[in-house]
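Read-outs: derived from the displayed coordinates by stated rules, not from any lab. Here the structure is a predicted model, which is why all the values come from computation and not from measurement. Glycine gets a Cβ as well: all are built from the backbone with ideal geometry, and neighbour counts include every protein chain shown.
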Amino acid sequence: MGEASDKSSPPSGWTLACALERLINQGMICTRVAGTDLILIWNDGRAVACERACPHEQADLSLGHLSQGRLVCPHHAASFGLDDGSISEGWASRRLRIYPVRVEQGYVWVQLDASA
Ligand code: FES
């Protein structure tokens, strides 16, 4: 992303995802960071980064909606906790990958090599 090409980076392993102001204004942003499709969500005063494809049958979770701190899949309506990626009861699929996020210098950074 060219918007922060002149910004100094946080410690190694962190990758720029988007401007914090843009995330706050839009609430949800789809982006591709280092070859990984992500959804960035502004939820309850904090930034969350998660994978974009539903772990069940890969529906596009950016077409879903938020409900009580959970991201609801638009296809079969399983939901995922934004804190730990936990899937709603009754589903055999794995949890959603939630990536570590930090906000620094007015930008949102993600750590792609570690998922909760
Ligand atoms: S594809 Fe998301 S719940 Fe089935």
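Using only side-chain charges placed at the Cβ, +1 for Lys and Arg and -1 for Asp and Glu, the dipole size of the chain relative to its Cα centre rounds to 40 debye. A simple spin-label model places pseudo-atoms 7 Å from Cα toward Cβ; at residue 12 and residue 63 they are separated by 4.1 nm.
With all projection directions averaged, the alpha carbon convex hull of the chain covers 7.0 nm².
Taking the Cα centre of segment 16-106 as the origin and placing charges on Cβ (Lys, Arg +1; Asp, Glu -1), which of 56, 18, 76 is farthest toward the positive end of the dipole? After comparing all options, I get 18.
Packing around the peptides 86-96, 18-28, taken as the average count of other Cβ atoms within 10 Å per residue, puts them in this order, highest first: 18-28, 86-96.
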